[in-house]
1. Taking the stretch A:263-319, which residues are crowded, with 17+ Cβ neighbours inside 10 Å, within 12 Å of another protein chain (Cβ to nearest Cβ) and among the acidic types (Asp, Glu)?
2. Kindly state which strands (runs of 3 or more DSSP E) lie completely within the stretch B:21-138 and contain at least 2 residues that are in contact with a helix residue (DSSP H, G or I) (Cβ under 6 Å, 6 or more places away or on another chain).
3. Being among the hydrophobic types (A, V, I, L, M, F, W, C), buried (at least 24 other Cβ atoms within 10 Å of the Cβ), away from chain A (no Cβ under 14 Å) and over 21 Å from the mean Cα position of the chain (by Cα) narrows it down to one of B:VAL30, B:VAL39, B:VAL44, so name that one.
4. Scanning for something at pLDDT 95 or above, in a strand (DSSP E or B), more than 25 Å from the chain's Cα centre (by Cα) and basic (Lys, Arg), does the stretch B:488-499 turn up at least one residue?
5. Being in contact with a Pro (Cβ under 9 Å, 6 or more places away or on another chain), buried (at least 24 other Cβ atoms within 10 Å of the Cβ) and either under 15 Å from B:GLY330 (Cβ atoms) or within 14 Å of chain A (Cβ to nearest Cβ) (or both): is that true of B:LEU434 here?
6. Please count how many residues of the stretch A:316-354 are within 17 Å of A:GLN254 (Cβ to Cβ), without any contact (Cβ under 8 Å) to a residue 24 or more places away in the chain and assigned to a strand (DSSP E or B).
7. If you go through the stretch A:147-204 one residue at a time, how many are closer than 19 Å to A:PRO390 by Cα, in a helix (DSSP H, G or I) and of a type in the set (D, E, K, R)?
8. Scanning for something away from chain A (no Cβ under 14 Å) and crowded, with 21+ Cβ neighbours inside 10 Å, does the stretch B:396-404 turn up at least one residue?
Amino acid sequence: MLRETPFHPRTAALMEGQAWRRWAGYVVASAYELSHEREYHAVRSAAALFDVSPLYKYLIRGRDAARLLDRIVTRDVAACKVGQVLYTPWCDARGKVIDDGTISRLDEATFRMTAADPSIRWLHLNATGLDVAIEDVSERTAALSLQGPNARAILELACGQPLSALRYFRLTTGKIRGVPVTISRTGYTGDLGYEVWIDAGQALVAWDALVEVGTGYGITPAGMLALDLARNEAGLLLIEVDYISAHHAVIDAQTSTPFELSLGWTVALDKERFIGQDALRAEYARGPAWRFVGIEIDWVSLERLYADVGLPPKLPTTAWRTSVPLYVGGQQVGYATSGCWSPLLKRYIALAHVEAPYGEPGTALEMEVTVEHRRRRAAAAVRPLPFFNPERKRA
Amino acid sequence: MAQTWDAIIIGGGHNGLVTAAYLARAGRKVLVLERRYRVGGAAVSEEIYPGFKFSVFAYVVRLLRPEIIRDLDLPRHGLEILPLESTITPMDNGDYLGAWGDPDKTRREISRHSPRDAEAMVQFGRLMHHMAQAVKPILGMIPPDPTSLSPRDLLGLLKLGRHFRSLGPEHVHALYKLMTMSSADYLDEWYETDVLKATKSASGIIGTFLGPRSPGTAYVLLHHYMGEIDGSFRAWGFAKGGTGAISESIAGAARRFGAEIRTDAPVAHVLLKRGRATGVVLENGDELRARIVVSSLDPHRTFLQLVGESELPDDFAADILRYKFRGSSGKVNLALDELPNFTCLPGVGPHLRGAISISPSVDYLEHAYDDAKYGEFSRHPYMDVIIPSMIDPHMAPPGKHVLSIFVQYAPYNLTGGWTDAKREAFGDTVVDTLSHYAPNLKQAILHRQVITPADIERITGLTEGNIFQGELALQQLFFLRPAPRWAKYNTPIRRLYQCGSGTHPGGGIMGASGRLAALRILGDGR
């Protein structure tokens, strides 16, 4: 049996179409309603409430906690202030990305790390000789993500404290109906949003409080289909979809470095020694072979391909997660790994790996589309990421 | 120093703003002149009662062209179209008919009334899909004049001819029927459930001075299905922040491309020199010069008021005088302390996030029209009701609501004319009728705004309060909109263009007229 998250008693009651899916051994909702559309729009117009409890969470404590993390991840953890959150990948010795997640500095010597994959072994392997305690708190910590323009107003009401001073990628503590919570201004939607971390035993208190005060603000429990659309618009990577973990890759070609994923900004090459540093330095010097970019499929071109067979353009109603070839002048120069029709932007967008020379915004290329069982190519162009970046995200 | 512009756009409604944005995007120096204190025309959101925002006039967006959203990058300027996916029609026997976003749910619901109709719906939908696809390209083209021999017109006609040939005889025949029949007759060929036919035909009468049994109304059904083709890319629904947010986003785009927008700047008339437009004179006497003048106002305002009948060729003036407006609808906006509780579906539910149609039978609608034919507002009007605050909570304070009621028929030419007393009586009729289905409505009302066609005309300038800048009747469409030979956004006055809903294709918040006008102007090298 798959496990149920601490919020399952509430989420199960909302489920209209038995649309569950797996996430890290748990069942979570793909969509609560029969269509995910309203759940998606809540992210951009009101507030969507996601159960993100299946994330792996680790507490790393002790005098050398920062040193351990600095040894593992590419960002500079020593420079991370108390109350700050870092998004970061971590790599193997070849500089190939193993996973990506967040590191929150809860106090001088305590960090919480989130990961998509189990990481306890990797943390321990690299902790030799360091004064740290590593604890897997995945099961005892529940997490909710409240995303959208009304997220702040709702959360302020629920925890009774102002949050306007809480900056992007910072965290604070508070109480919801007497239950202690950590609130981080983070998320996976590219919108104004917060994640609430709470003891699993009292998780329902937070859910109930948020839903109750949020109803007048349009709070809408939302599933993974809505989240997937939002993260495409935000240009955020998904492990095992947009890249393969170096720990899972079967052949070398399946792996990627942070530079190849356009995550160069997360690589602090000059900090103290970290795993993959030498390889990444060398790669930085010669330049990465690949870039991770946004792609917009040209509407007129797509419309023409469908008109050729007498159809109006067919668009994906949910985000897709397959590998789709990209071409320039008949030569394959890359592949898209995620894509969707953006209901907000009215654009057909995708996230893609392209050979470095084709990574500049504006570069014209073609994407394979299957029109009535036949492979065709639609005009497309490289676009800067994120596709959607509202001011409220950081304001 | 006298400033000159490449183009002056008269009127800051959504079409005027679209034209302005496209011209500015092409590098033209553009000035928009709006009479009111804010842009938007009939697509405005206003806080009529503290804390409650109303889409005062137009309240949904059905066919805003996705290419406009993309070309002008409107989401960056705040545009978001939210789904409005269900329609319920309360019935007099206490039951209701529902159409939901989910096809299985809808089929099961219609089966409850008639299993035969539930099956017909699929076939009907397929045919209408084909019809809408047949008509859709026409919406996106500058109408060619079938009597002209100019290469541009011939090319357009050739394209159109090829297009119709590609449809195949079956669809051409169906299209002909759709163009000539009444919506009630047309739907009779398909369905047996009265309330279903009534609700579907209601979409064929919106904004016209016609009833469901008037020939020509079947065609307007298509507009609804065109929304459904676009359904996959959801170009219709409810604009977050109300319809004013659409206007504001287009204005934002226009400004970003460099256009200047002046509000409180009413234009008195178009400046003419030897039959050529050279600028405008504001009501305050200021003269502003431009290489071209583009009017987004309706054909009466543009030609009879801003230009003057004496400046127009006789036959053209006669055509414009004959052009029909006949506003037939009004609007009631309510601020509510609590949600309306419908007897047929009590409590809060997803039905309150969609449309509520007061169209219990075809006879009900036809009777409503009967009143209007003889100069009265309907004693039992057709109403299209939505609760914007259920879709976008920003429209009202938390826990409170706004209710938008589109009402038909309310004839512009009311016997004895519209007075304050008549307006209130009209408002009472609307609230009484709706209270019949939701008895708690009256006690929940915090504020009531009643808008008659005369108010629409007074506030927005739309002649006779017609929401489409002239009826969407077949004799006023395509190469006849607004007048034969002048349906391509140009006018008999050189350097004066038109870009409002009174030009092809017109109607609703589409922006297609504004965009096509801009393409024509740029095509002329202006």
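The values are calculated or read from the model by the stated rules, or taken from the named source; none is laboratory data. Predicted, not measured: the structure shown is a model, and the values here were computed from it. FYI the Cβ positions are ideal-geometry reconstructions off the backbone, even for glycines, and counts take in every protein chain you see.
1. Once the filter is applied, which keeps residues that are crowded, with 17+ Cβ neighbours inside 10 Å, within 12 Å of another protein chain (Cβ to nearest Cβ) and among the acidic types (Asp, Glu), the stretch A:263-319 yields A:GLU296, A:ASP298.
2. Values: elements: B:30-33, B:45-49, B:52-55, B:87-90, B:96-99.
In the stretch B:21-138, the matching strands (runs of 3 or more DSSP E) lie at B:30-33, B:52-55, B:87-90, B:96-99.
3. Numbers: B:VAL39 fails: over 21 Å from the mean Cα position of the chain (by Cα); B:VAL44 fails: over 21 Å from the mean Cα position of the chain (by Cα).
Within the list B:VAL30, B:VAL39, B:VAL44, the selection yields B:VAL30.
4. yes
5. Values: in contact with a Pro (Cβ under 9 Å, 6 or more places away or on another chain): yes; buried (at least 24 other Cβ atoms within 10 Å of the Cβ): yes; either under 15 Å from B:GLY330 (Cβ atoms) or within 14 Å of chain A (Cβ to nearest Cβ) (or both): yes.
Yes: the conditions hold for B:LEU434.
6. Number satisfying all stated conditions: 2.
7. Here the count works out to 1.
8. Start the filter on the stretch B:396-404 by keeping residues that are away from chain A (no Cβ under 14 Å), which leaves B:403-404.
Next cut, crowded, with 21+ Cβ neighbours inside 10 Å only: B:403-404.
Taking every residue of the stretch B:396-404 in turn, at least one turns out to be away from chain A (no Cβ under 14 Å) and crowded, with 21+ Cβ neighbours inside 10 Å.
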